[in-house]
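Heads up: the structure comes next, in structure tokens.
Each reported figure results from applying straightforward, stated rules to the coordinates on display, with no laboratory input. Remember, predicted model here, so these are calculated numbers, not experimental data. Here the Cβ positions follow ideal geometry from the backbone for every residue, glycine too, while neighbour counts run over all protein chains shown.
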Amino acid sequence: MSKKLYVGNLSFQATEEDVRDLFAEYGAVESIAWINDRDTGRFRGFCFIEMDNSSAQKAIEGLDGKDIGGRNLRVNEAKPREDRAGGGRSGGGGRQNYNRGSSNNNSSSNRW
């Protein structure tokens, strides 16, 4: 059975080959999911790696917090992805019914 690991705080110049070689010291890497920005296509500094359970545990113990290229790696067991609501961003918006402490909504008393 394999375990999925989250690998974060990677250098933006890191390559899949660099990461595969680093983790291969702890066992066979089954897969790497390299995370790129959907708009720019640039690497986002983290990835997910699948390894067998014992190799994954060794990699966590050996690499979490290790300084690689001046950055301390974050390596831990990946958490299941939560369902995200679709439909874009929410929040913000106009100043509908925005009342600056006045109980009288008289437009002639605009303080701006």
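Can you pull out every residue in the range 1-31 that is farther than 17 Å from residue 58 by Cβ and touching a Cys at 6+ places or on another chain (Cβ under 9 Å)?
Scanning the range 1-31 gives 8, 10, 14, 16.
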What pairs can you find where one residue is in the range 31-52 and of a type in the set (S, T, N, Q), the other is not in a strand (DSSP E or B), and their Cβ atoms are less than 7 Å apart, with a gap of 6+ or different chains?
36/42
